[in-house]
Amino acid sequence: MRNPPALEQLVESLRCLPGVGPKSALRMAYHLLQRDRKGASGLALALDNALQVVSHCGSCNTFSEQPLCPLCASTDRDSRLLCVVEMPTDLMMLEQTQAFRGKYFVLMGKLSPLDGVGPREIHLDKLIKRAQNNIVEEVILATNYTVEGEATAHFISELLRSRGLKVSRIARGLPMGGEIEHVDSSTLAQAMMERRLVG
């Protein structure tokens, strides 16, 4: 016996979410229809509203309801420093540290040729234009330390350095409070290679 067409359409729509397969999508659909119709209605309204009012910041490319997001519009930020991150979640994590007072550029992804994600999909033309505005003095690459993140950082650094821009990469190594015996060998090796003088 098949599900009603409207239910099948809901299940198929839920499958667009990352990590949601056919069974998970079916469970979610059943839950929303059977146990939480009010929640389902709220979800539909919130999703429709977000699609209507949320777009990309014209400067840093993160999600925003205004032409410029609050960080880009702020005059308290140091426009000479531009930090490049993969996703808005990365920007939020960096902001929580309160260790960076510059501006950002959000790629909305990382280079992944096998998945069809190339330079155009991560807005590299927009990044280059932003970095060459005669204000930015240093571009800090804060992409993840994954294979794709490293490849993305390398590609961007080559592009920017060939244009005479100063490019740095966030450091990696031992976590605060971490003990050497519990750290994986590649992280420990990187920490040793990226050691710095004390004093």
Within region 1-39, how many residues are surrounded by 13 or more Cβ atoms within 10 Å (Cβ to Cβ) and under 30 Å from P67 (Cα atoms)?
1
Going by the structure shown, is S64 at pLDDT 95 or above and surrounded by fewer than 17 Cβ atoms within 10 Å (Cβ to Cβ)?
no
Conditions (1) within 14 Å of T152 (Cβ to Cβ); (2) of a type outside the set (A, V, I, L, M); (3) at pLDDT below 95; number of the one not met by F105:
(3)
Checklist (1) in contact (Cβ under 8 Å) with a residue 12 or more places away in the chain; (2) out of contact with any Phe, Trp or Tyr (no Cβ under 9 Å at 6 or more places or on another chain) applied to G164, failing item:
(1)
Residue identified as assigned to a loop (DSSP other than H, G, I, E, B), of a type in the set (V, I, T), in contact (Cβ under 8 Å) with a residue 40 or more places away in the chain and in the same structural domain as K103 (by TED's automatic domain parsing) among I122, I156, I135:
I135
Quick one: which of G58, G42 is outside the structural domain of L141 (by TED's automatic domain parsing), closer than 30 Å to Q132 by Cβ and of a type outside the set (V, I, T)?
G58
Name the residues in region 95-133 that are hydrophobic (A, V, I, L, M, F, W, C) and crowded, with 18+ Cβ neighbours inside 10 Å, would you?
F105, V106, L107, L111, I122, L124, L127, A131
Restricting to region 21-33, give me the number of residues that are touching a helix residue (DSSP H, G or I) at 6+ places or on another chain (Cβ under 6 Å) and not small (G, A, S).
3
Selection status of S168, in a helix (DSSP H, G or I), under 25 Å from Y104 (Cβ atoms) and either under 17 Å from the mean Cα position of the chain (by Cα) or of a type outside the set (D, E, K, R) (or both):
no
Given the criteria assigned to a loop (DSSP other than H, G, I, E, B), small (G, A, S), in the same structural domain as L81 (by TED's automatic domain parsing) and under 16 Å from the mean Cα position of the chain (by Cα), does G109 qualify?
yes
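The values are calculated or read from the model by the stated rules, or taken from the named source; none is laboratory data. Keep in mind that this is a model prediction, so the values were computed, not measured. Cβ atoms come from the backbone with ideal geometry, glycine included; neighbour counts cover every protein chain shown.
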